[in-house]
Amino acid sequence: MAALFPLFLKLEGRRCVVVGAGRIATQKLKSLIDCAADVNVIAPEASHEIQELARSRNLTWIQAEFKVEHLVGSTLVIAATGSPAVNEQVFRAAQERGVLCNSVDEPERCDFYYPAVVRRGALQIAISTAGKSPALARRIRQELEAQFDSSYITWLNWLGSVRELFLKRRVSPLLRERTLNQIASRTVFERFRDSNERRIQAERRS
C-alpha cells in the first residue's frame, strides 16, 4: 500500500455529498458542516437530526435514491448507506469522475480516511491508522487530549498575534525565525499557562 498524503483541506463553499442519512451519515457530515462545506445529503429517508439540519439550511437534503448525476461538481463523497451494493455504486461513480470517496467501514473503497482529531481552537492534531485500527487512533487521541489541554487555545492565539507583529516589522528573517522558535518552546508555554492561571484566579477573587 502506498503511503498516505497528510493534509488539512479547505472545504468552505465546496460541494460535498453524503449518500445515506442514518446515524453514521449524521456523524460523518458534522465535520463537513463545521468546515462550511456545501453539504448535500442523498437519501429517500433521513434521520430527524438531518431533517432539522436541512430545515435550518445547514445542509441540502435531496430526497432520492443515489444517481451518478449527484456527484457533478463535487469535491468528495461519503458513502454511508449501510448497503455494500449502493456503496460500491457510489465508489465506482466517484472513481470514474475523479471525486474522492470514503465508504464507511470499507477501507478498500476509500480514497481518504477520517482521522481521530484533537482540537484545541486553531490547533488540530490528526491521527490515522489508514483504516487498520480506528480503536488505536481513538486511544492515541484520548492520550493527546490529556496532554494538550484547553490552555493551548489561548497560547496559540497569543503566538499568532506575536507572529503577525514580527511580519509587520522590519526584522531580519534569521532573528524572526529564532525568536518565533523560542517562544513556541515548552518552557515559554508553561510560563504563559502559569501566568494565565494566576490572572484568572486573581479575577475570581476580586
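Key figures
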| item | result |
| --- | --- |
| Count - residues of the range 1-23 that are surrounded by fewer than 17 Cβ atoms within 10 Å (Cβ to Cβ) and more than 16 Å from the chain's Cα centre (by Cα) | 6 |
| Breaking point among (1) at pLDDT below 95; (2) surrounded by 16 or more Cβ atoms within 10 Å (Cβ to Cβ); (3) not small (Gly, Ala, Ser), for Asp105 | (2) |
| Filter result for the condition that a residue is open to solvent by 30 Å² or more (accessible area, probe 1.4 Å) and modelled with pLDDT of 95 or more, over Gln147, Gln95 | Gln95 |
| Condition check for His70: more than 29 Å from Ile125 (Cα to Cα), buried (at least 19 other Cβ atoms within 10 Å of the Cβ) and either free of Cβ contacts under 8 Å to residues at least 24 places away in the same chain or out of contact with any helix residue (DSSP H, G or I) (no Cβ under 8 Å at 6 or more places or on another chain) (or both) | yes |
| Check on Ser47, loosely packed, with under 13 Cβ neighbours inside 10 Å and of a type in the set (Ser, Thr, Tyr) | no |
| Matching residues, the range 159-190, being modelled with pLDDT of 90 or more, farther than 17 Å from Phe148 by Cβ and surrounded by 12 or more Cβ atoms within 10 Å (Cβ to Cβ) | Val162, Arg163, Glu177, Thr179, Leu180, Ile183 |
| Count - residues of the range 27-44 that are modelled with pLDDT under 95 and either among the basic types (Lys, Arg) or open to solvent by less than 10 Å² (accessible area, probe 1.4 Å) (or both) | 3 |
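The values are calculated or read from the model by the stated rules, or taken from the named source; none is laboratory data. Note that the coordinates shown come from a computational prediction; the quantities given were computed from them, not determined experimentally. Every residue, glycine among them, receives a Cβ derived from its backbone with ideal geometry; neighbour counts consider all protein chains shown. With ligands, DNA and RNA removed, areas are computed over all heavy atoms of the protein, side chains included. Shrake-Rupley method; radii C 1.70, N 1.55, O 1.52, S 1.80 Å.
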